[in-house]
């Protein structure tokens, strides 16, 4: 015995005019805008200034290859970027969510921010870097590193879009996969290096519309000394806990300390657990445990004679009422710094 409704549907289908059958199904991937790889590539250019404005890359992968004597500016965030076989180029790359990989490049000067950074078969690069993980060089020589130092209005939002923290920057902690006994394949640029002398601002009318500054006090990424030799035996650790103004407070404290002649050595943004707090904060840990659930902490290391006392004074005068951990004395400060950064590097896999 047949089903009345199934017979009815069959009759309706047979009664439809030819060519008026069911429409093909629509899938979400059919609705996506088609990506043309040529829009995300600079290839075979010579003696040109080219770039992409904010919003023109929007998280896509990008490729730069076979370029000579070019100035290249990517003022947007991207997924990954590969630079192959480029010679005598100036390159700026906005935040890259994944990796930046230089291969077989010569005499290039670059400013970039990324999650992973790798150089292979390259000669004579200068790189102003912000990198969340340990930068790697391989089969390369005369690679020089400095700290990322750059600003334009959209850059802070692009760091967020690329899931990068401005406080996680291991720019100077280089790992050389192919060291040569008695030689150093990489070095750090002098601390007084002027970024704009190496990676100049764009000169074309289109790219000049991006309001760029290379002044250290405006840089989105805090300018740190990294692995350079410390000027003093005295360092101070400050830990700021998550809240509405944590990032602004960290930037303010950096400005105040640097303005008084102290040096920012390194920064970290990382989540802490109760056992981590016990190791870093010691007997003060119970005071900070409730704050750990609010989000990652930001840690700053300052160096210079009188750094502990100077930092304590600034915190009490400017941040009174804001709960922070500050090293209690110069005798304990070194241990505070080591305890925190050892834990943070392990957690981040550095």
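What follows is calculated from the coordinates using simple rules that are stated; it is not laboratory data. Remember, it's a predicted structure, so these values are computed and weren't measured experimentally.
In Å, what Rg and Dmax follow from the Cα atoms of the chain?
Just the Cα atoms of the chain yield Rg and Dmax of 25.9, 96 Å.
Taking only Cα atoms and a 10 Å spring cutoff, compute GNM fluctuations for the chain and point out the largest among 74, 318, 174.
Among 74, 318, 174, the largest mean-square fluctuation in the Gaussian network model of the chain belongs to 318.
So what is Rg over Rh here for region 204-294, counting just Cα atoms and using Kirkwood for Rh? Intermediate values should be presented prior to the final figure.
Details: Rg = 17.2 Å, Rh = 16.0 Å.
Rg divided by Rh gives 1.08.
Under the definition of Cα pairs under 8 Å and six or more residues apart, what whole-number percent is the relative contact order of the chain? Please report the intermediate quantities before stating the final value.
Working: 727 pairs, mean separation 39.8, N = 350.
For the chain, the relative contact order is 11 percent.
Using just the Cα positions, wrap region 37-208 in a convex hull and report its mean projected area in square nanometres, one decimal place.
Convex hull of Cα atoms, orientation-averaged projection: 9.1 nm².
What angle, in degrees between 0 and 90 and rounded to the nearest 10, separates the Cα long axis of helix 307-318 from the longest principal axis of the Cα atoms of the chain?
That works out to roughly 60 degrees.
By how many degrees, 0 to 90 and rounded to 10, does the Cα axis of helix 4-15 deviate from the longest principal axis of the chain?
Between helix and principal axis, roughly 80 degrees.
Report, to the nearest 10°, how far helix 246-259 tilts away from the longest principal axis of the Cα atoms in the chain, using its own Cα long axis and a range of 0 to 90°.
So the inclination is approximately 40 degrees.
Determine the calculated [θ] at 222 nm for the chain from helices alone, applying -39500 (n - 2.57) to every DSSP H run no shorter than 4 residues and normalising by the residue count; nearest 500 deg cm²/dmol.
Mean residue ellipticity, 222 nm, calculated: -7500 deg cm²/dmol.
For region 79-172, report the % of Cα-Cα distances exceeding 17 Å.
Result for the distance tail: 42 percent.
Just want to confirm a number: the relative contact order over region 230-348, from Cα pairs under 8 angstrom separated by 6+ residues, in percent.
45 percent
What is the Å³ per residue value for the convex hull set by the Cα atoms of region 230-348?
In region 230-348, the Cα convex hull volume per residue is 94 Å³.
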